[in-house]
């Protein structure tokens, strides 16, 4: 397996999408030395954005982590999260009524900009008339509610009223320490979807809508061709297949989910082939 | 759609398997008038058993419900539950060590007969050396544990140790009132299975092992041919397809999951065809 | 179920996406009277496009059908087919080498514009050195190859070489007469995907990339907001969920797949809710 | 990974189930030296049976292969194939009418014993009145019919008439040479099942009905406890999980599908744990 130098590759592009977890940070915090990479990008006038399936925190909160870790260039306008697509959905398709959500109050910030009343699932009373005003159920985070009580409530809400369900994070799990993961809201959404037999709307990598949203975001001011944009990620099934399908070049980094020993095996068995492989973005 | 008289059909068989929920009881309690049907079976010397995907209570507890409701003939030896298959598995495949379980203490009765130490998931400490002695994880019930904390613990347990997981109830939901359901342990098991990427062992209708276990149970004393045994249930995807595949005749009753208006439509779209259709077992 | 007048709805939008089959044509040919609807759109200065998962014929061939049936306004530039996305993929991601395809020579027109050598699956010899030059396998149509011989060849090709597979039509079946359907290439692709265990790239409704491609196509000359665009289709699982997710309004017509008697039932059980329901586009 | 001696293990059991492909034979023919193993079993009075998902040839034809290769003890009564379960189904559930089948004439031998008219899918005319007499469709083999023409015919047959579909081989692929496989009828059945949206009845490992059929077959004359029976196979997802679930001990051999280098990795990632691992049955 041939490993490329990330910097050498980066120089061929005008804009880069970075996955966050496994590329910029891991369970121990920021990945060491990546600040130099961002300096390098700046020097070479290469634009960049963070593309993340995290809908549990606002772009502002997400950016603060990098700021605190000495990467001043990662400001909130550099963050593109799947939570932002939930907001887009509301903007286009929900004009009035109540928005029920599953997640923390902090995750509900994605819904706040709208002129809509947001209600956490825990505060919904299935027998109250307000239930009829619910226009959509949005799944944002695995925290902030009582799994047993509130997921059962969500099931019965969806059996009674026919509202669309938006899932703002398609991930199955997320890491919580070096050797432990937690079940993410994407998995919980699949459980509900199967139980109620309905089709939910899922936002997040590898879905094309996430890449398209990001692409439109960056081409608002600069007219980048797809050939000038690079996706960098640690996960074949989200970052790499999503980037490939969208028509941009892709780099698999081995600093996260895909460990060096198994990279070749996974590429061969999944049929998901990155354009480049790098040890990390610090190379 | 032609509806048969249940009694007329019953007379053609020597033994009958009844599903419990939707056939003998519903969210309001025992289905009225079924006591007469059991009298009729007795008079005509037709044997019967209850085949249920309920692993949350012991056969003794399950039988008590019928006893209290005036059907003295439904004794604990008439109950065949999917929880009994979990016990069978332990008997054949687990000789020593600890059995971790997800469910209530009451459901753990299925594991008690063995000379094994049983540990509820809530009491497992992933960092304690006892974890290494766990030989199997058994999923029995959706109650008796903290969903968020303990399901995440189960995920990390299964990432660290390679033990088989037994699911003693394959149902997706169960009814809790006339218009509400609850998520059953079968759905929770599928969530874990997907998240950890492993293959669990599932017991319960429509799986052939459940029907075979029941058939062996009843032929211990009487040599029934399969042609002499009838399966009666309210659910096409468990009772009817399972009975058909096992090679016994099947009756769909319309007193539960499958409502009269949609019976024909569901039979046509699923391709699961019962041998007979009856309004209920009281006809 | 309240049925809207299509014309009344149309007047609220500036551009309309029409699904083809079940909306404009059916197994008997063009749906009667729809020519008047296109006159109406012209008079009212409402733009329109045909959004189809058909990759078996070129936009030119697809347009000819409408031309022959007296709808002169449906010209080839009005056709947006999933086959065009396969061409986009090649344009962005494949620079040289050979493109293997499954489908008719006629469907291969989608690949022709490129400076690439195209080879039908039937002409591939797994033991020839040319096989190493294959960069991608594209599935276009269910016709034009020997299913048994060539699908087995595709399986063994994908076991030997690690090339991406592009599926240019996600449909499961298509109608061939009033009461018969044929297996579409989307189903065949899923068979191969399961057998080789790899992840293919699928293009076509309901995928966001199809809607995005269409939206970019129409906004090249006119700056339509999403609120000004309407999707009209006969299938909940492709046209309606796809349009809803993309953030545009949707009309379900009852002139195709979704028959009037079952429309309400299907909307309720799938949770896919169109903004409007019309008998057909002639109302 | 500790490798056991197969003979040492065998001595602990009274009866052994052998998978055929990857255990007794491979693409080059019989696996060398296994005749000695069968001599060893005979000397030690250990009974054995071949458990195979092959429904394309009769037990007699399957046994002939071993006879020709010098293993006289593998007679036709030692063969237990998934095709035999299809025959059992007919025996119990189909009393009259026509049986349509997909497969070769040779595979139809499984249906012959019955007093039923068997019709290959190729000879069915959907518009003939005989179609109404079809009681079941049985899928036996991937050979003997025109895939494109006859699979489309099967789809339309199943849309018109509501007959159960029996799949007599659940395998996805089978090897045809050292480095090529062919799509098996199990994969084809899944394609049809998805296209018509119906639930088929599948027979074959890992399904419990196959193990139960085999177990009843061998206990007809000898009263073996499950603890006295051993399953030997090369595939975790069929032989090993099936044997484990049925409650018998299991041996994974590394002479077929599961190659030595990856055995530990696959056991760990699938969670399917054999009781023993042997290089082959000749050890």
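Derivation of every value follows stated rules applied to the coordinates shown; laboratory data play no part. Just so we're clear, the structure is a prediction, and the values are computed from it rather than from any experiment. When we count neighbours, we look across all protein chains shown, and the Cβ atoms used for this are built from the backbone with ideal geometry, even at glycine.
Applying 1/(1 + (r/R0)^6) with r as the Cβ-Cβ distance of residue A:40 and residue C:268 and R0 = 51 angstrom yields a FRET efficiency of 0.40. Length, then width, then depth: along the principal axes, the Cα atoms of segment D:125-283 run 58, 41, 26 Å. Normalised radius of gyration (Cα atoms, divided by 2.2 N^0.38 Å) for segment B:83-202: 1.01. For the peptide B:226-233, the mean number of other protein chain Cβ atoms found within 10 angstrom of a residue's Cβ is 1. With the simple model of a label 7 Å out from the Cα in the direction of the Cβ, residue C:65 to residue D:226 spans 5.6 nm. Bridge orientation summary for segment D:83-202: considering DSSP beta bridges with both residues in this region, about 20 percent are antiparallel. Taking the DSSP bridge list for the protein assembly as shown and keeping only pairs wholly inside it, about 15 percent are antiparallel. Ordered by the number of other Cβ atoms lying within 10 Å of each residue's own Cβ, fewest first, A:220, D:135 fall into the sequence A:220, D:135.
Just so you know, the Rg over Rh for the protein assembly as shown is 0.95, from Cα atoms, with Rh as the Kirkwood radius. Rounded to the nearest 10 degrees, the inclination of helix B:260-270 to the longest alpha-carbon principal axis of chain B is 60 degrees. On C-alpha positions alone, give me the angle between the axis of helix D:59-68 and the longest principal axis of chain D, in degrees, nearest 10. Helix D:59-68 and the main axis of chain D meet at about 40 degrees.
Taking a point 7 Å out from the Cα of residue C:160 in the direction of its Cβ, the residues of segment C:82-118 whose backbone N falls within less than 20 Å of it are C:97-103, C:117-118.
Between the Cα long axis of helix D:208-218 and the first principal axis of chain D there is an angle of about 60°, rounded to the nearest 10. Counting helices only, and only those DSSP H runs with n ≥ 4, report the 222 nm mean residue ellipticity of chain A as the sum of -39,500 (n - 2.57) divided by its residues, in deg cm²/dmol to the nearest 500. Helices in chain A give a 222 nm mean residue ellipticity of -9500 deg cm²/dmol. Is the shape of chain D rounded, prolate or oblate, going by the alpha carbon gyration tensor and its root eigenvalues a ≥ b ≥ c, with a/c under 1.5 for rounded and a/b larger than b/c for prolate? Prolate shape, in that a/c is at least 1.5 and a/b is the bigger ratio. Footprinting exposure proxy ranking of B:161, C:52, fewest other C-beta atoms within 10 angstrom first, gives B:161, C:52. For the pair residue C:28 and residue B:125, label points projected 7 Å from Cα toward Cβ lie 7.7 nm apart.
Taken residue by residue and averaged, Cβ atoms of other chains lying within 10 Å of the Cβ of A:186-197 number 5.
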